[in-house]
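Below is one structure, written out as structure tokens, with a few remarks after it.
The values are calculated or read from the model by the stated rules, or taken from the named source; none is laboratory data. Here the structure is a predicted model, which means the values were calculated and not measured. Cβ sites come from the backbone with ideal geometry, for glycine too, and all protein chains shown count toward neighbours. Keep in mind that these areas ignore ligands, DNA and RNA; they rest on the heavy atoms of the full protein, side chains included. Shrake-Rupley method; radii C 1.70, N 1.55, O 1.52, S 1.80 Å.
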Amino acid sequence: MAVSLSVCLFATNSIPSPGGTGRCKYTGQSVRALPIRVFTVGKKRSPAVQLLVDEYTSKLRHYCAIEDVQVRCNPRNAREKQAQIVDEDMAVMNLIRPDDWVVLLDEQGIDIESEEMAELIGGAADKGASKLSFCIGGPYGHGPKSRERANISIKLSSLVLNHQIALVVLMEQLYRSWSILKGQKYHH
């Protein structure tokens, strides 16, 4: 049930199954806007994807500070898959701060609804986080240190998404979450 979502998100890193009230408990309340950083491991973005990311970044800046951080795929040009994963993992871990609330986007993560994403954003400040960090992994996914450090792992879709598509979906969902929190019409 969505009413207990914040307890589940922050106490056990799990989210109840869909079918809650369909309403975020933070809607219409004063929510402290934590800065958001989005880490994306991958190659250079296509101009079309960058255009969409820039559009949503501009919209999100009305609600919170947001930083789009691109992490180079395979930073040391490792020849082995496992070495590439470790190198990418370390590159991301070097950017995450101890007081960040880390959300891993992963095909194995918990399936959440837009209202639950809004609760995650609305409730993170209540739990002592100073920043929200969303991590999109490279071609082989996240490394063990990122998985261990993550406060929660969510999926954007049951489909496996290319990191560029995942980024666009995430940015749209962040904007949708803020529209839910502010009680605005974008969501419905």
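Worth pointing out:
- Any hit, region 100-110, residues being over 22 Å from residue 175 (Cβ atoms) and either open to solvent by 10 Å² or more (accessible area, probe 1.4 Å) or in contact with a strand residue (DSSP E or B) (Cβ under 7 Å, 6 or more places away or on another chain) (or both): yes
- Number of the exception - residue 61 against (1) at pLDDT 95 or above; (2) open to solvent by less than 70 Å² (accessible area, probe 1.4 Å): (2)
- One residue stands out among those in region 152-167 that are over 11 Å from the mean Cα position of the chain (by Cα) and of a type outside the set (Ser, Thr, Tyr): the one that is most open to solvent (accessible area, probe 1.4 Å), which is 159.
- Of all residues in region 118-136 being touching a helix residue (DSSP H, G or I) at 6+ places or on another chain (Cβ under 7 Å) and at pLDDT 95 or above, the one that is surrounded by the most Cβ atoms within 10 Å (Cβ to Cβ): 135
- Against the criterion of being farther than 17 Å from residue 173 by Cα, out of contact with any Asp or Glu (no Cβ under 9 Å at 6 or more places or on another chain) and modelled with pLDDT of 50 or more, residue 32 does not qualify.
- Filter result for residue 77 (open to solvent by 20 Å² or more (accessible area, probe 1.4 Å), in contact with a helix residue (DSSP H, G or I) (Cβ under 9 Å, 6 or more places away or on another chain) and polar (S, T, N, Q)): yes
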